[in-house]
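Asks: Before I ask anything, here is the structure I am working with.
Each value in this text was obtained by applying a stated rule to the coordinates, not by laboratory testing. No experiment lies behind these values; they were computed from the predicted model shown. Because the Cβ atoms are built from the backbone with ideal geometry, glycine has one as well, and the counts that use them run over all protein chains shown.
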Amino acid sequence: MPSIQIASQTLPVANIFCVARNYLAHAAEMGSSIGPEPVVFLKPTGALSYPGQNIVLPAWSSDVHHEAELVVVIGKDGNDIAAADAWDYVAGYALGLDLTARDVQAQAKKSGSPWTLSKGFRGAAVLTDFIAADAISPPGVQFSLTVNGELRQQADMHQMAFDVPTLIAWISSRFGLRRGDLIYTGTPEGVGPIHAGDELRLQLPGLIDQRYTVRAA
């Protein structure tokens, strides 16, 4: 089973939950809207890509997009967690990229098929190193993604439609949450294509600063 590390603590990763739309401006740029409840999908653990690994583009897609996100790791099992208690279940945070084969996703939407291939291919769940839960105080957190030195995405967690406690409460009430589960909390506006040779940089000021090189398959 894959795992992640927070300081001296090792957590096994069983589930990767991803929020499809959680920032109004991103929903608008995708021609969509945000409903009354979160829209959540899953990535397989085989999609995980760790710090130090290149981003490898799948040969069967010609339009892979970056989606920068705050990632929450759950520290203990819980079902039907109240939003007021949600912070007690957070073990730490990372930044991540929910890579999306946009051309494959568009075809899936057109045919009414699942998005699994477009979102869950090998290496599609990129992670930075993790920091402990007490290192930041959401929702007052900002993070960014640059591509080849150009700012592409910048997020302020105050802009989330569903904050972290709401996501934990909702996911735990429908699926249950287990120690080591990851939650990709949604991406801000500015998503776009990446290409072989690009250099990506994810930053959470003072805490996370990691770079990735994009390679062809």
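Asks: Inside the stretch 179-210, can you point out the residues that are more than 22 Å from THR10 (Cα to Cα), part of a loop (DSSP other than H, G, I, E, B) and over 17 Å from the mean Cα position of the chain (by Cα)?
Replies: Listed by number, the residues that qualify are HIS195, ALA196, GLY197, ASP198, PRO205, GLY206.
Asks: Which is farther than 28 Å from ALA86 by Cβ, of a type in the set (Val, Ile, Thr), out of contact with any Lys or Arg (no Cβ under 8 Å at 6 or more places or on another chain) and not in a loop (DSSP other than H, G, I, E, B), of THR146, THR213, THR166?
Replies: Within the list THR146, THR213, THR166, the selection yields THR213.
Asks: Taking the conditions exactly as written (within 18 Å of the chain's Cα centre (by Cα), buried (at least 21 other Cβ atoms within 10 Å of the Cβ) and among the hydroxyl-bearing types (Ser, Thr, Tyr)), does SER144 satisfy them or not?
Replies: no
Asks: Something else: State yes or no: is LYS76 among the charged types (D, E, K, R) and either part of a helix (DSSP H, G or I) or crowded, with 19+ Cβ neighbours inside 10 Å (or both)? Let's see the steps before the verdict.
Replies: On the way: among the charged types (D, E, K, R): yes; either part of a helix (DSSP H, G or I) or crowded, with 19+ Cβ neighbours inside 10 Å (or both): no.
No; evaluated as a whole, the condition is false for this residue.
Asks: Here is a follow-up. Among what's in the stretch 4-47 and is of a type in the set (Ser, Thr, Tyr) and surrounded by 13 or more Cβ atoms within 10 Å (Cβ to Cβ), pick the residue that is farthest from LEU177 (Cα to Cα). Explain how you work it out, then say what you get.
Replies: Of all residues in the stretch 4-47, those of a type in the set (Ser, Thr, Tyr) come to 8, 10, 23, 32-33, 45.
Still in the list and also surrounded by 13 or more Cβ atoms within 10 Å (Cβ to Cβ): 23, 45.
On the way: TYR23: 23, THR45: 15 Å.
So, considering only residues that are of a type in the set (Ser, Thr, Tyr) and surrounded by 13 or more Cβ atoms within 10 Å (Cβ to Cβ), the one farthest from LEU177 (Cα to Cα) is TYR23.
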